Amino acid sequence: MSQFEKYRSIYSHEELMEHLARLKHVALDMDGTIYLGMSLFPFTNDFLAGVKEQGLRYSFLTNNPSASIADYLAKLAKLGIAASEEEMYTTSLATIDYIKTHYPEAKRLFLLGTPSMISEFEKAGFESTADDAEDVPDVVVVAFDKSLVYERLCRAAWWISQKVPYIATNPDLVCPTDQKVVLVDCGSICACLAKATGRTPDITLGKPDPNMLSGILGRYGLAPDEVAMVGDRIYTDIEMAHNAGAFGVLVLSGETTLEVADAAPKQPHLICENISVLGELIAEAHGRR
């Protein structure tokens with residue numbers, strides 16, 4: 001491929017401008033894209049303001065369902081980003097949207113997740129069932145549960161073995177951390193349940209599953225090519241963009257290096273040094289219209 005400077009695309013510059021001019025929404029991964037750890041990138045707020053100036057909306061996406069929307073908004077505020085509830089989309093919300101669409105009669109859920117996550121489902125009108133063999137759920141939801149209790153794990157296994165519909169919020173085996181500990185995530189909990197019950201989830205949401213973007217498409221009435229999925233991981237962010245038919249933008253401000261990107265079987269539509277460069281390209285494309 002040609003020498004990389006600030007960006008590179010599989011399209012010619014004119015073709016790239018045509019694709020960017022169609023965009024109406026930018027879906028943003030968080031860690032590695034708009035901040036790193038607890039440090040906000042210096043260009044993030046300018047990028048967000050620029051996107052709005054061009055008439056586009058944006059959403060913040062995360063595969064981590066363990067915190068509530070209020071918790072995430074508090075973190076963003078601490079970092080210096082003034083975000084609204086409407087601008088956050090987590091795997092909890094993706095799961096809620098999925099259940100309402102595919103199990104419209106479901107009201108009672110066995111939720112293997114944190115109290116913050118459970119509060120999101122209850123806020124959406126669902127009832128959380130108890131750890132009781134007589135309290136039969138309509139759907140079992142297994143998530144990244146940092147408050148995991150053995151008895152509740154066993155109850156989840158029981159309902160899964162009884163063929164109750166079974167949804168996992170995200171596929172991650174571990175949650176990234178800079179601490180000297182392995183944070184066992186949803187995928188590993190589901191692996192444990194698979195060994196115990198012989199059954200895997202009916203569906204696993206979260207990136208790279210396209211349902212993570214389907215909720216945003218439905219919420220705003222968008223076509224897939226009107227959305228850019230922007231993130232720092234090939235195997236989640238860019239893979240989901242391809243799966244959903246969206247425009248995939250890889251930024252090199254987080255996990256993925258250019259060498260890893262070059263070796264990916266499914267190439268990003270656009271690779272940018274960071275979101276600041278993407279903002280410049282969006283402004284150029286929309287300025288031409």
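Each reported figure results from applying straightforward, stated rules to the coordinates on display, with no laboratory input. Predicted, not measured: the structure shown is a model, and the values here were computed from it. We place every Cβ from the backbone using ideal geometry, glycine too, and count neighbours over all the protein chains shown.
Brief remarks follow.
- Taking 16 Å as the straight-line reach from the Cα of residue 207, the aspartates and glutamates in range (excluding those fewer than 8 positions away in the same chain) are 29, 31, 97, 172, 185, 232, 237, 239, 255.
- Cβ-defined net charge surrounding residue 280, 11 Å radius [Lys, Arg +1; Asp, Glu -1]: -2
- Hull shadow area, averaged, region 106-204 [alpha-carbon convex hull, nm²]: 6.2
- Extending 7 Å from the Cα toward the beta-carbon at both residue 70 and residue 202 defines two label points whose distance is 3.1 nm.
- Fraction of beta bridges assigned by DSSP in the chain that are antiparallel (%, nearest 5): 20
- Extension gain (nm, one decimal) between residue 179 and residue 22, 0.36 nm per residue minus Cα-Cα: 52.4 nm
- Think of each Lys and Arg Cβ as +1 and each Asp and Glu Cβ as -1; about the Cα centre, that makes the dipole of region 82-203 roughly 480 debye.
- DSSP beta bridge pairing in region 106-204, given as percent antiparallel to the nearest 5: 15
- In plain terms, the residue of 33, 129, 257 with the fewest other Cβ atoms within 10 Å comes first and the most crowded comes last, giving 257, 129, 33.
- Candidates 47, 130, 159 compared by Cα position along the dipole of region 39-185: farthest toward the positive end lies 47, with charges placed on Cβ.
- The label-point distance for residue 135 and residue 106, in a model that sets each label 7 Å from Cα toward Cβ, rounds to 1.8 nm.
- Only Cα pairs under 8 Å and 6+ residues apart enter the sum, and on that basis the relative contact order of the chain stands at 23 percent.
- Among beta bridges identified by DSSP and lying wholly in region 1-141, the antiparallel ones come to about 15 percent.
- Applying the Karplus relation 6.51 cos²θ - 1.76 cosθ + 1.60 with θ = phi - 60° to region 11-18 yields 3J(HN,Hα) values of 9, 5, 4, 5, 5, 4, 4, 5 Hz, where x marks Gly and Pro.
- Given charges at beta-carbon only (K, R positive; D, E negative), |dipole| of the chain in Debye: 220
- Neighbour-count ranking [beta-carbon atoms within 10 angstrom, fewest first] of 269, 19, 13: 13, 19, 269
- Taking each DSSP H run with n ≥ 4 as -39500 (n - 2.57) and averaging over every residue of the chain yields -11000 deg cm²/dmol at 222 nm.
- FRET efficiency for residue 260 and residue 162, using Cβ-Cβ distance with R0 set to 41 Å, rounded to 0.05: 0.45
- Alpha-carbon centroids, region 143-218 and region 251-289: separation in whole Å: 31
- Qualifying GluC sites (Glu not before Pro) in region 1-88, where qualification requires a DSSP coil assignment and no more than 13 other C-beta atoms within 10 Å, comprise 5.
- Label-point separation, residue 148 to residue 122 (7 Å along Cα→Cβ), nm: 2.3
- Listed residue pairs exceeding 32 Å between alpha carbons, taken from 107/180; 100/195; 78/195; 100/180; 52/100; 163/266: 107/180; 78/195; 100/180; 163/266
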